[in-house]
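*Asks:* First the structure, then my questions, so here it is.
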Amino acid sequence: MKKTTRYSDEEKLNIITEARSSGNISATAKRYSVSDVTIHGWIKKFSKVKPEKDLHSELKKLKQQLADKELENAILKDLVKKTVQVWSHDDKSPMNTSPSNILKQKF
């Protein structure tokens with residue numbers, strides 16, 4: 001048989017906040033006709049869930065960090081491309097800086 005719930009998640013959160021603000025979980029439990037253990041279970045359950053607002057702000061922060069890292073990566077790649085070419089002293093033409101070519105060059 002399927003278990004039905006009397007209270008929605010929003011109602012449970014309201015009951016939890018009321019119990020915390022009053023400081024008396026027993027009185028709040030009696031007022032809503034639930035046991036103390038039930039309210040403690042709800043508190044435990046909902047304390048693990050982050051509010052949606054926190055998740056959105058965390059996601060926004062992570063997206064910004066990713067964009068910063070991608071920009072930094074692009075800058076470093078561009079810098080590597082520019083430094084790979086070394087200008088020779090004789091004819092001012094760029095040469096490849098692979099290890100075999102470096103050994104052949106005279107500086």
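*Asks:* Rounded to the nearest 0.05, what FRET efficiency do residue 14 and residue 56 have when you use their Cβ-Cβ distance and R0 = 25 Å?
*Replies:* Approximately 0.70, to the nearest 0.05.
*Asks:* Mind giving me the nanometre distance, one decimal, between the label points for residue 7 and residue 65, set 7 Å out from Cα along Cα→Cβ?
*Replies:* Placing both labels 7 Å beyond Cα along the Cβ direction yields 3.5 nm.
*Asks:* Right, here's the next one. I'm checking a number: the convex hull volume of the Cα atoms of the stretch 1-71, normalised per residue, in Å³. What is it?
*Replies:* Hull volume normalised by residue count: 122 Å³.
*Asks:* Multiply the residue gap between residue 46 and residue 83 by 0.36 nm, knock off their C-alpha separation, and tell me the result in nm, one decimal place.
*Replies:* 7.9 nm
*Asks:* Tell me, what is the 1.4 Å probe accessible area of residue 40, in Å² to the nearest 10?
*Replies:* 100 Å²
The values are calculated or read from the model by the stated rules, or taken from the named source; none is laboratory data. Worth saying up front: this structure is predicted, and the values here are computed from it rather than measured. Cβ sites come from the backbone with ideal geometry, for glycine too, and all protein chains shown count toward neighbours. Quick note on the areas: whole protein, heavy atoms, side chains included, nothing else; ligands and nucleic acids left out. Shrake-Rupley method; radii C 1.70, N 1.55, O 1.52, S 1.80 Å.
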